[in-house]
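K.L.:
The following block contains the structure, expressed as structure tokens.
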Amino acid sequence: MKNISRAIKLCAPSSPTWLPHPQAGPLQVEFDNGQLRYLKVGGVEVLRALGFLVRDENWGTYTPQISEL
């Protein structure tokens, strides 16, 4: 976790669902509460977030309940 920027350390949720993943070749991504976040290729961010949302009848977004990760 020592390579995480100061901004991420200050603003990221402290929940256990926020897990940085190791780098795989030039690709690096972090998993945060059911979303893939901060997709980087060669250290350059190319996508901020990729989420899978479920909406209710009023377009509210459900919070995922993730277990046995």
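K.L.:
Do we have Gly34 as at pLDDT 80 or above and open to solvent by less than 60 Å² (accessible area, probe 1.4 Å) here?
P.N.:
no
K.L.:
A further question follows. Confirm whether Arg55 is open to solvent by 100 Å² or more (accessible area, probe 1.4 Å), free of Cβ contacts under 8 Å to residues at least 24 places away in the same chain and over 9 Å from the mean Cα position of the chain (by Cα).
P.N.:
Yes: the conditions hold for Arg55.
The values are calculated or read from the model by the stated rules, or taken from the named source; none is laboratory data. None of the values given here were measured: they were computed from a predicted structure. Cβ atoms come from the backbone with ideal geometry, glycine included; neighbour counts cover every protein chain shown. Ligands, DNA and RNA are stripped out before the accessible areas are found, and what is left, the full protein with its side chains, is counted by its heavy atoms. Shrake-Rupley method; radii C 1.70, N 1.55, O 1.52, S 1.80 Å.
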